[in-house]
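These notes are about the structure you will find just below.
Just so you know, all these numbers are worked out from the coordinates, no wet-lab data involved. Not measured: the values here are computed from a predicted model. In this analysis, Cβ positions are derived from the backbone assuming ideal geometry, glycine residues included, and neighbour counts consider all displayed protein chains.
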Amino acid sequence: MPIKPILVNPESKNDIEFGIQKIAEIALRGIAPGKNDPETAIACIEHLAQILTKIGKSHSPSPYHRDRKNQIRIVLPKPTFTDYLV
């Protein structure tokens, strides 16, 4: 019996990227001349550092996910770590 692929919503991979973008926007608003709220910008930078650290530690460049018997069960293309930084 042939294995049928499971399609994943392509927008779901953008959730992390979208969140990173929004945190960066909040940080920029915090240092805008009209706001002058450096504490918000600093908090955003700290959150971004934590997020990127977690991504860096758990990032697997392989799109292949295997079961306990080392058989490929899922092929899921992933953004590279650099994609999150851009």
Per-residue HN-Hα couplings for the range 34-47, Karplus 6.51 cos²θ - 1.76 cosθ + 1.60 at θ = phi - 60°, whole Hz, x for Gly and Pro? x, 8, 6, 10, x, 4, 5, 4, 5, 4, 5, 4, 5, 5
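Which of the trypsin sites (Lys or Arg not before Pro) found in the range 20-67 are loop residues per DSSP with 13 or fewer other Cβ atoms within 10 Å of their Cβ?
Working: sites: LYS22, ARG29, LYS35, LYS54, LYS57, ARG66; in loops: LYS35.
Answer in residue order: LYS35.
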